[in-house]
Amino acid sequence: MSTLAERMPYTFDLPNALGTGMIISSSKAISSTTAAGIRSFVAHYEAALSRFRQDSIVGSMNRAAHGGQFDFPDWCAGLFDLYDQLVTATDGAIDPCVGEDLIRLGYDAKLTFTMQPGAANQLGALHGRPTWRNDITRQSEHGTTLITHCPVYLDFGACGKGYCVDLIAQRLRAANYREFVINAGGDLRIHSAEPITIALEDPRNTANAVGIAHITTGAFCASAPSRRHWQDAEAHELHHLLNAIDGRPVHDVHATWVYAPVETLSTASTTETSQHNGSSNITHYPTAMADGLATALFVAHPNQLAAAFPDGSFACALLRADNTAAASKRFPGEFFTH
């Protein structure tokens, strides 16, 4: 079996995209036109959705003392639809308004990783922090205009990277790229004629693996606090995977992995559905769904999530804090037993 580098020798690197970088591997050369289009789109994406930029639309929501009307690009409809579903499926434990909690915990635009004084008594919806369901109204034909009545700190980190990957994959497929892999900090969108082997990283030692997966076509996303964690003044472990209800890091799950098959819908009809009919089927965005569900598994039972999403739309595995592991049916991988 040939290696990925042999099958897809052409690469396009966006080292600073979305805070983690992005690498696109392809079986044919990525044209300068395609590369420029992707680079431009990623810039527009961050200008709309990055909470680390004061000049983004999300950044302007932070500064609106009395709220306001914020018009996002039409291509945000699918992302907002997915958050609607994740918020409902987890009963509010996933919520993009968690950005305010992350800032209080120290994961702010300056990356100070210093918990604010008194933060413990201000975290989460339990302490009155705005929520996606109660404090944000979606309006306009496409549902991409958000209306607020107070400052809101949105963070789309649960599935924002995956959503960007899906939109780039649409561009590649429309440009006749048949075999490619998009890797955005471990969020993978794969189109390959042969299976690609993926290590399930050990969250306790990122140099090791706890298992292995094999993907031919689909999205594969992992989530763990191992690469983004810090301590408060009392040496309590903090990280970015929060339960939005109490605003606190989750500690009973160590890592999650989610696989989502790629919808067999043409790129043209997918784009038309989301942009012209004012609706978007979340299965058109498999990487975003896998990304969001990998985060949701930290705050919700797999069966709870399976009941909320279309049957067969994803498979998952998780490693708990007590070192027990579990995988759902159709998960394309296995844990090492020794």
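Below, the figures for the structure above:
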item: Condition check for P225: part of a loop (DSSP other than H, G, I, E, B) and in contact with a Leu (Cβ under 8 Å, 6 or more places away or on another chain); result: yes
item: The stretch 35-58, residues that are among the β-branched types (V, I, T) and surrounded by fewer than 20 Cβ atoms within 10 Å (Cβ to Cβ); result: V42, I57
item: Selected residue (only one of P151, P195 is under 16 Å from P332 (Cβ atoms), more than 17 Å from the chain's Cα centre (by Cα) and not aliphatic (A, V, I, L, M)); result: P195
item: Selection status of R63, surrounded by 21 or more Cβ atoms within 10 Å (Cβ to Cβ) and either among the charged types (D, E, K, R) or touching a helix residue (DSSP H, G or I) at 6+ places or on another chain (Cβ under 9 Å) (or both); result: no
item: Unmet requirement for T88, which otherwise passes all of (1) in a helix (DSSP H, G or I); (2) in contact (Cβ under 8 Å) with a residue 40 or more places away in the chain; (3) surrounded by 15 or more Cβ atoms within 10 Å (Cβ to Cβ); result: (3)
item: Segments classed as strands (runs of 3 or more DSSP E), wholly inside the stretch 94-209, with at least 2 members that are free of Cβ contacts under 8 Å to residues at least 60 places away in the same chain, more than 21 Å from G19 (Cα to Cα) and open to solvent by 20 Å² or more (accessible area, probe 1.4 Å); result: 137-139, 187-201
item: Any pair with Cβ under 6 angstrom, 6 or more apart, that starts in the stretch 216-231 at a residue that is on the phi < 0 side of the Ramachandran plot and ends at one that is open to solvent by less than 50 Å² (accessible area, probe 1.4 Å) and among the aromatic types (F, W, Y); result: F220/Y259; A222/W257
item: Selection from the stretch 79-123 of residues that are at pLDDT 95 or above, over 23 Å from S50 (Cβ atoms) and out of contact with any helix residue (DSSP H, G or I) (no Cβ under 8 Å at 6 or more places or on another chain); result: D91
item: Residues of the stretch 228-245 satisfying the condition of being surrounded by fewer than 19 Cβ atoms within 10 Å (Cβ to Cβ) and in contact with an Asp or Glu (Cβ under 9 Å, 6 or more places away or on another chain); result: H229, W230, Q231
item: Subset tally (residues that are in contact (Cβ under 8 Å) with a residue 24 or more places away in the chain, part of a helix (DSSP H, G or I), within 14 Å of Y153 (Cβ to Cβ) and of a type in the set (A, V, I, L, M, F, W, C)) for the stretch 11-68; result: 3
item: Residues of the stretch 1-17 that turn out to be open to solvent by 40 Å² or more (accessible area, probe 1.4 Å) and among the hydrophobic types (A, V, I, L, M, F, W, C), as a count; result: 3
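The values are calculated or read from the model by the stated rules, or taken from the named source; none is laboratory data. Keep in mind that this is a model prediction, so the values were computed, not measured. Note that we place each Cβ from the backbone using ideal geometry, even for glycine, and neighbour counts take in every protein chain shown. What goes into the accessible areas is simple: the full protein's heavy atoms, side chains included, and nothing from ligands, DNA or RNA. Shrake-Rupley method; radii C 1.70, N 1.55, O 1.52, S 1.80 Å.
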